[in-house]
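Trainee: What follows is a single structure, and I will ask about it in a moment.
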Amino acid sequence: MSDMIKSLIALIFSAVSVHLAYIGYIRPQAALIMTHAKELGQSAPRDLLVILKDYEQELCIILMLWAGFLIISKCLEILKNRYLFHVDLLEGDREEEKEEDLKTVLSNLESLPAKTSETPLVVALMASLRRYLITRDVQDTSDAVESSIEALAIRQEASNSMVRYLIWAIPSIGFIGTVRGIGGALAQADQALAGDITGMTNSLGLAFNSTLVALIISIVLMFLLHQLLRLQDGLVVDTQSYCEKFLLKRISER
């Protein structure tokens, strides 16, 4: 199953599950709390369900779950393949061996399972080995390693674009709720002047609650994103170190 299909399934699942939670529990309970407060002549209380009840907060939570899935899946993918850095994938490539043995090593790498052969480390090793077999030059092989590392960094940066967009979009959705709430409050200014401030306070509650929820979610997602970036930077460094230790050092000693 491709990553795009998995991402779409995660988005659909997040939207359906959150919406069911809202229509089945959050909004009915929030309505009861607000009705009870109105009967007592009080403003809506600062209850968690009241804070979460509006559409902007619902959309923010859906996007939070989707972004969380994207970040965590990338982190797990990196951690799952960490064992490769503790394995000698070029086993048999010794300085006393013949040049043809490098072709055997390359063939062995190409015959690995697809999930392994598509990892950044194996891709970099195969690209570097092909360059060496063509040029028989250590410097060209080193340049191939550098090119593979740069391409890996660019791919990782590009793969984070959707997550970055969601982290930007969530506070924007919160600000939309702020504008909607303030607009609703201004529309009820006449009622407030007449002595009934309930409608205005409820609208202002929407304005502040949507921004509060959006900012808290963005803080959480930014923390998760920084953990992902730390793992990705470590992957780039470890891949380069592995290629230098297991590949460049050996072929330079031939």
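Trainee: So if I check each of 152, 133, which one is modelled with pLDDT under 85 and either over 25 Å from the mean Cα position of the chain (by Cα) or not aromatic (Phe, Trp, Tyr) (or both)?
Mentor: On the way: 152 fails: modelled with pLDDT under 85.
Just a single option satisfies the conditions, and that option is 133.
Trainee: Is it fair to say residue 176 is within 15 Å of residue 218 (Cβ to Cβ), modelled with pLDDT under 90 and of a type in the set (A, V, I, L, M)? Before you say what the answer is, go through the steps one by one.
Mentor: Details: within 15 Å of residue 218 (Cβ to Cβ): yes; modelled with pLDDT under 90: yes; of a type in the set (A, V, I, L, M): yes.
Here the answer is yes, as residue 176 does meet what is asked.
Trainee: Only one of 203, 128, 107 is within 30 Å of residue 228 (Cα to Cα) and either assigned to a helix (DSSP H, G or I) or modelled with pLDDT of 85 or more (or both). Can you tell me which?
Mentor: Testing whether each residue is within 30 Å of residue 228 (Cα to Cα) and either assigned to a helix (DSSP H, G or I) or modelled with pLDDT of 85 or more (or both) leaves just 128.
Trainee: Determine whether residue 43 is hydroxyl-bearing (Ser, Thr, Tyr), modelled with pLDDT of 90 or more and touching a helix residue (DSSP H, G or I) at 6+ places or on another chain (Cβ under 8 Å). Reasoning before the result, please.
Mentor: On the way: hydroxyl-bearing (Ser, Thr, Tyr): yes; modelled with pLDDT of 90 or more: no; touching a helix residue (DSSP H, G or I) at 6+ places or on another chain (Cβ under 8 Å): yes.
No: the conditions fail for residue 43.
Trainee: Out of (1) surrounded by 13 or more Cβ atoms within 10 Å (Cβ to Cβ); (2) of a type in the set (A, V, I, L, M); (3) within 17 Å of residue 238 (Cβ to Cβ), what's the single condition that is false for residue 133?
Mentor: Of the numbered conditions (1) surrounded by 13 or more Cβ atoms within 10 Å (Cβ to Cβ); (2) of a type in the set (A, V, I, L, M); (3) within 17 Å of residue 238 (Cβ to Cβ), the odd one out for residue 133 is (3).
Trainee: Moving on. Right, residue 192: assigned to a helix (DSSP H, G or I), of a type in the set (A, V, I, L, M), surrounded by 14 or more Cβ atoms within 10 Å (Cβ to Cβ) and at pLDDT 85 or above or not?
Mentor: Numbers: assigned to a helix (DSSP H, G or I): yes; of a type in the set (A, V, I, L, M): yes; surrounded by 14 or more Cβ atoms within 10 Å (Cβ to Cβ): yes; at pLDDT 85 or above: no.
No: the conditions fail for residue 192.
Trainee: Quick one: residue 118 ticks every box in (1) surrounded by 14 or more Cβ atoms within 10 Å (Cβ to Cβ); (2) closer than 30 Å to residue 66 by Cβ bar one, so which box is it?
Mentor: The number of the failed condition is (1).
The values are calculated or read from the model by the stated rules, or taken from the named source; none is laboratory data. Just so you know, these numbers come straight off a predicted model, no measurement behind them. Neighbour counts are summed over all protein chains in view; Cβ atoms, including those assigned to glycine, are modelled from backbone coordinates with ideal geometry.
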